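Taking it in order: structure first as structure tokens, then the write-up.
The values are calculated or read from the model by the stated rules, or taken from the named source; none is laboratory data. Remember, predicted model here, so these are calculated numbers, not experimental data. For neighbour counting, all protein chains shown are included, and Cβ atoms are generated from backbone atoms with ideal geometry for every residue, glycine included.
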Amino acid sequence: MFSSVQSKRTRDFWKAGLIAASRTALACIIVGCITLYGPSSLQKQVTFPAFSYVVMILIITNATLGDTIRGLWLAFYATLQTVCPAILVFWMIGGPTSLTVASTSLVLAIAAFFIALPKSTHVVAKRIALGQLVIIYVVGFINAEQYDPIMHPLHVAASTAVGAFACVLAMLFPYPHLASSQVKNNSKLFAENASQRLKLFVKAFCAQDFTSTQALISQTRSLAGKANKFIQCIKSKQESMQWERYPLQFLISYCKNPGDRFQELETPLRGMEIALGNSQVPVPIMDERLKDGMDRVEGEISQNLHQLRSHMPCDTPTVPESTHGQVMGFLQKLETPPLNETDLPSYFFFFCMKLLHSQTRAMTIPQNPKKIEKKNPQKENQQQSNKTIENQNGLSLKGIWANWPTYLSKERITIGINCSLSLGFAVLFGLYYSKPSGFWSGLPVAVSFAAAREATFKVANVKFQGTVIGNVYGVLGCFIFERLVQIRFVSLLPWFIFTSFLQQSKMYGQAGAVSAVIGAILILGRRNFGPPSDFAIARIVETFIGLSCSIVIDLLLHPTRGATLAKVELTKTLGALEDSLSSIDLLTTSKAELIEKAKNIKVRVNELDKYVGEADTEPNFWFLPFRAPCYRKLMGPFAKMGDLLLFTAHAIGFLEEQIQTLESEKINDVVRHVVKMTATSMKSFQEVASIKSLIVLEKDLTKSGKTCDLELGKSANFPLLNLGEKDMEKIIVSYLDHSKEAFEKIEFPQGDEEIKSQTVMSLSAIGFCLSSLMKETKEIEKGIKELVQLENPTSQINLHEISCKIHALYD
């Protein structure tokens with residue numbers, strides 16, 4: 001079985017790579033045929049075929065038909081931004097003959113600033129526009145006597161159009177390569193994946209020995225990684241589906257945000273895994289009735305997921321409603337909340353299973369036609385799509401006027417200056433080094449523009465390596481096809497296959513692969529640039545000049561290291577956790593509010609992961625090594641606490657309806673006690689993690705002349721620090737006792753057993769989340785202590801003592 005799974009993975013990997021390579025190759029052939037064998041009148045207009053290949057690569061990389069339609073529009077928008085102003089500039093200064101090396105670099109830098117400044121313009125449009133600027137101004141300056149000031153920019157526009165149209169044609173033949181097809185395929189794969197995990201979870205829950213349970217859980221973790229990839233792929237193609245909707249609305253079905261709906265199904269599945277990780281084996285409350293009931297629920301959820309494999313989540317296949325009560329009837333055995341903490345994981349497992357059943361059922365039951373008519377979702381989707389397209393391409397004057405302050409924010413100005421100076425200096429030094437080849441220093445900088453901060457050294461390294469190996473392959477291709485100049489672009493076909501796999505590698509990724517493709521294309525797609533070997537060497541030197549300027553400018557404008565940003569983001573994450581935990585209150589907190597805070601935790605963890613990845617790849621130089629493993633250990637508890645907040649929100653959401661009949665004051669007192677302890681600990685962790693070093697703290701405390709009383713703040717800063725497992729168990733037992741007392745006083749309607757069991761599960765879920773929050777806080781404490789110890793290897797670490805010194809110094 002394992003070998004069959006591996007072979008399927010291998011086939012899928014090769015299939016995806018070959019499809020991407022074949023589409024790229026087809027686009028390359030289309031460009032080659034147009035530029036080499038097209039009508040002479042067209043060839044005269046397309047004077048920069050190499051740039052046509054560059055535009056093609058920028059648009060077609062990992063693209064579908066919707067992406068290429070959007071790319072065609074972005075290319076048109078980029079051309080409007082560059083060609084029209086360039087003609088005006090040439091008319092004002094008297095043509096390219098009036099330019100000098102300095103003035104060319106200055107004009108290019110100014111134009112690049114305004115191209116990079118808007119936030120709403122898509123990054124592909126910016127890359128195309130910046131590449132056009134380099135061709136228009138730098139090549140215009142180099143060949144000033146040959147180019148007409150009006151026709152030269154128009155020739156650049158024609159070359160851009162050829163590359164963009166080739167991408168659209170390549171996505172249409174031999175059959176359309178649709179984003180909606182990829183979304184549907186990944187939706188089916190995710191639904192099948194979720195069904196498999198559910199079966200494994202149920203088997204693990206019913207297992208009679210610990211070894212079998214752990215083996216089954218291990219299988220689900222492998223499947224969970226795949227599920228995350230499916231969801232990310234679905235989300236990445238949602239925008240492309242909007243662009244496919246209008247020209248092909250009769251051929252494809254359209255669904256808005258299916259990835260978000262599938263993401264909701266991940267929450268209860270993660271909860272089941274958390275529950276199993278804390279359950280006893282075998283489960284004490286398990287009997288034949290519960291086992292049969294779980295099998296029925298698993299069967300109906302699988303049936304719902306099976307329908308999702310055949311339909312988009314927005315479609316409305318039907319499922320019999322009459323079976324709902326029968327299927328969930330086994331939960332009626334849960335007549336009262338559990339009496340001890342050991343039963344909480346089992347009740348929490350049932351809570352997550354019920355939540356998953358409700359969510360899958362909601363995706364498959366038909367919607368009310370009256371609500372559909374009232375809301376008119378088709379019209380809403382159309383308006384939303386129009387708004388999204390306008391915002392992404394910056395063509396809404398109303399939106400530009402309303403959001404003009406964001407254009408002038410510090411972040412946007414920094415990005416604009418970074419692009420301006422990088423491109424300006426790259427062209428300046430490139431022209432001084434070699435005027436005939438000067439524009440090759442600016443073109444790599446232009447087409448690799450990044451709209452956000454990147455791992456500077458890593459990205460520059462893979463771009464340079466990609467350019468070198470691409471040039472080497474291009475020279476070899478020219479040597480092999482020396483006598484067949486007209487068809488030597490055919491040698492690019494195997495190169496496309498290689499680079500399609502290269503961009504999936506961890507070493508090079510997309511940045512290195514695109515550089516490798518462009519490096520080969522600019523040699524094999526060139527005309528009249530001298531011997532290939534000389535041209536390749538000139539390209540490598542000019543590329544090194546351009547990337548060096550980009551690195552230096554990036555370091556000057558972003559002097560903060562990735563390690564520093566990771567530490568700042570760590571403190572922000574701890575602060576977000578403290579804020580979220582502090583807000584938990586059964587009487588005042590709403591489900592929507594808590595869900596929003598839980599989502600914020602996820603955003604913070606993702607940001608932390610991004611900065612940790614950047615810091616892990618940057619050179620240490622004279623700084624202390626970055627402790628990436630410590631940060632990654634902390635991200636586990638952070639993400640888990642975000643999940644626990646989501647489960648708490650769902651439980652509170654149900655109890656909102658029962659809160660009036662539930663005497664919840666004593667229950668809420670225990671909840672507030674636990675969340676206050678965990679929130680206070682997070683605040684103290686945040687303060688400890690924010691210090692530069694213990695030596696600096698000691699010096700500052702000595703200078704201030706202040707002293708700290710360690711006994712006074714012993715329980716104030718880290719209330720969980722001195723609590724053992726038995727103490728935490730007593731708190732949860734107290735919560736369960738109050739829950740049982742309050743539950744017994746509720747008078748449920750006759751025959752409404754479902755609400756009764758749901759109340760039991762919700763109260764149990766909150767108890768389980770409280771217990772887990774305290775345990776995860778302990779894990780975070782270990783991680784913070786380890787991190788501080790590694791950052792201060794000569795000191796003995798005592799978190800309580802450090803916190804007291806911080807309070808004594810700053811209070």
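Give just the number: which of (1) more than 22 Å from the chain's Cα centre (by Cα); (2) surrounded by fewer than 19 Cβ atoms within 10 Å (Cβ to Cβ) does Val568 not satisfy?
(1)
For the condition in contact with a helix residue (DSSP H, G or I) (Cβ under 6 Å, 6 or more places away or on another chain), more than 23 Å from Leu428 (Cα to Cα), touching a residue at least 60 places away in the same chain (Cβ under 8 Å) and crowded, with 21+ Cβ neighbours inside 10 Å, what is the one hit in Ile115, Ile60?
Just a single option satisfies the conditions, and that option is Ile60.
Are any residues in region 758-807 out of contact with any Gly (no Cβ under 9 Å at 6 or more places or on another chain), in a helix (DSSP H, G or I) and among the small types (Gly, Ala, Ser), and if so, which ones?
Across region 758-807, the qualifying residues are Ser764, Gly767, Ser771, Ser772.
Going by the conditions given, is Ala158 part of a helix (DSSP H, G or I), farther than 29 Å from Ile417 by Cβ, of a type outside the set (Val, Ile, Thr) and assigned by TED's automatic domain parsing to the domain that holds Gly416? Working first, answer last.
Details: part of a helix (DSSP H, G or I): yes; farther than 29 Å from Ile417 by Cβ: yes; of a type outside the set (Val, Ile, Thr): yes; assigned by TED's automatic domain parsing to the domain that holds Gly416: yes.
When the stated conditions are applied, Ala158 passes them.
Among (1) of a type outside the set (Asp, Glu); (2) over 31 Å from the mean Cα position of the chain (by Cα); (3) crowded, with 23+ Cβ neighbours inside 10 Å, which single condition is Ser187 missing?
(2)
How many residues does region 101-122 contain that are touching a Phe, Trp or Tyr at 6+ places or on another chain (Cβ under 8 Å) and either of a type in the set (Val, Ile, Thr) or not assigned by TED's automatic domain parsing to the domain that holds Val445 (or both)?
4
Looking at this structure, is Lys371 modelled with pLDDT under 85 and touching a Leu at 6+ places or on another chain (Cβ under 9 Å)?
In short, no.
Residue under question is Ala125, and the condition is that it be in contact with a Lys or Arg (Cβ under 7 Å, 6 or more places away or on another chain), assigned by TED's automatic domain parsing to the domain that holds Gly442 and either at pLDDT below 95 or farther than 17 Å from Val427 by Cβ (or both); does it hold?
Numbers: in contact with a Lys or Arg (Cβ under 7 Å, 6 or more places away or on another chain): no; assigned by TED's automatic domain parsing to the domain that holds Gly442: yes; either at pLDDT below 95 or farther than 17 Å from Val427 by Cβ (or both): yes.
In short, no.
Can His155 be described as in contact with a Gly (Cβ under 9 Å, 6 or more places away or on another chain), in contact (Cβ under 8 Å) with a residue 40 or more places away in the chain and on the phi < 0 side of the Ramachandran plot?
On the way: in contact with a Gly (Cβ under 9 Å, 6 or more places away or on another chain): no; in contact (Cβ under 8 Å) with a residue 40 or more places away in the chain: yes; on the phi < 0 side of the Ramachandran plot: yes.
No: the conditions fail for His155.
On the given criteria, is Leu36 more than 20 Å from Cys233 (Cα to Cα) and at pLDDT below 85?
Details: more than 20 Å from Cys233 (Cα to Cα): yes; at pLDDT below 85: yes.
Taking the combined requirement at face value, the residue satisfies it.
Small (Gly, Ala, Ser), surrounded by fewer than 20 Cβ atoms within 10 Å (Cβ to Cβ) and at pLDDT below 80: is that true of Ser302 in this structure? So that I can check it myself, show each step before the final result.
Working: small (Gly, Ala, Ser): yes; surrounded by fewer than 20 Cβ atoms within 10 Å (Cβ to Cβ): yes; at pLDDT below 80: no.
The answer is no for Ser302.
Somewhere in region 748-759, is a residue among the hydroxyl-bearing types (Ser, Thr, Tyr) and in contact (Cβ under 8 Å) with a residue 60 or more places away in the chain?
First, the residues of region 748-759 that are among the hydroxyl-bearing types (Ser, Thr, Tyr): 757, 759.
Right, trim to in contact (Cβ under 8 Å) with a residue 60 or more places away in the chain and you get 757, 759.
The answer is yes, given that some residue of region 748-759 is among the hydroxyl-bearing types (Ser, Thr, Tyr) and in contact (Cβ under 8 Å) with a residue 60 or more places away in the chain.
Taking into account only those residues within region 63-110 that are aliphatic (A, V, I, L, M) and outside any helix (DSSP H, G or I), which is surrounded by the most Cβ atoms within 10 Å (Cβ to Cβ)?
Ala63
Within region 35-46, can you find the residues that are surrounded by fewer than 21 Cβ atoms within 10 Å (Cβ to Cβ) and either under 38 Å from the mean Cα position of the chain (by Cα) or hydroxyl-bearing (Ser, Thr, Tyr) (or both)?
Tyr37, Ser40, Ser41 - these are the residues of region 35-46 that are surrounded by fewer than 21 Cβ atoms within 10 Å (Cβ to Cβ) and either under 38 Å from the mean Cα position of the chain (by Cα) or hydroxyl-bearing (Ser, Thr, Tyr) (or both).
I want to confirm something. Restricting to region 743-757 and keeping residues that are assigned to a helix (DSSP H, G or I) and not β-branched (Val, Ile, Thr), which single residue is nearest to Ile274 (Cα to Cα)? Break it down into steps so the answer makes sense when it comes.
Step one: list which residues in region 743-757 are assigned to a helix (DSSP H, G or I), which gives 743-744, 753-757.
Among the residues that remain, those that are also not β-branched (Val, Ile, Thr) are: 743-744, 753-754, 756-757.
On the way: Phe743: 26, Glu744: 29, Glu753: 27, Glu754: 24, Lys756: 24, Ser757: 21 Å.
Selected residue: Ser757.
Can you find a residue that is at pLDDT below 95, over 22 Å from the mean Cα position of the chain (by Cα) and of a type in the set (Lys, Arg) anywhere in region 595-606?
The answer is no; no qualifying residue exists.
Which of the residues that make up region 339-362 are under 30 Å from Thr213 (Cα atoms), modelled with pLDDT under 85 and of a type outside the set (D, E, K, R)?
Within region 339-362, Leu339, Asn340 qualify.
With (1) among the charged types (D, E, K, R); (2) at pLDDT below 90; (3) surrounded by fewer than 17 Cβ atoms within 10 Å (Cβ to Cβ) as the list, and Glu753 as the residue in question, which single condition is left unmet?
Only one criterion is unmet by Glu753, namely (3).
Scan Leu624, Leu587, Leu594 and give me the residue that is among the aliphatic types (A, V, I, L, M), in contact (Cβ under 8 Å) with a residue 40 or more places away in the chain, assigned by TED's automatic domain parsing to the domain that holds Glu781 and closer than 19 Å to Leu773 by Cα.
Leu594
Can you pull out every residue in region 680-697 that is surrounded by fewer than 19 Cβ atoms within 10 Å (Cβ to Cβ) and polar (S, T, N, Q)?
Ser690, Ser693
List pairs: first residue in region 630-646 and assigned by TED's automatic domain parsing to the domain that holds Thr573 and within 20 Å of Ala563 (Cβ to Cβ), second residue part of a helix (DSSP H, G or I) and among the small types (Gly, Ala, Ser) anywhere in the structure, Cβ distance under 8 angstrom, at least six positions apart or on different chains.
As it stands, the answer is Cys630/Gly783; Tyr631/Ala566; Lys633/Gly783; Leu634/Gly783, since those pairs meet every condition given.
Looking at Lys726, Lys730 in this structure, which one is farther than 16 Å from Val675 by Cα and either among the charged types (D, E, K, R) or surrounded by 15 or more Cβ atoms within 10 Å (Cβ to Cβ) (or both)?
Values: Lys730 fails: farther than 16 Å from Val675 by Cα.
It is Lys726.
Under 8 Å by Cβ, and 6 or more places apart or on different chains, what pairs join a residue from region 203-219 that is on the phi < 0 side of the Ramachandran plot and in contact (Cβ under 8 Å) with a residue 40 or more places away in the chain with one that is surrounded by fewer than 17 Cβ atoms within 10 Å (Cβ to Cβ) and of a type in the set (Gly, Ala, Ser)?
Between residues of region 203-219 that are on the phi < 0 side of the Ramachandran plot and in contact (Cβ under 8 Å) with a residue 40 or more places away in the chain and residues that are surrounded by fewer than 17 Cβ atoms within 10 Å (Cβ to Cβ) and of a type in the set (Gly, Ala, Ser), the close pairs are Ala204/Ser212; Ile217/Gly277.
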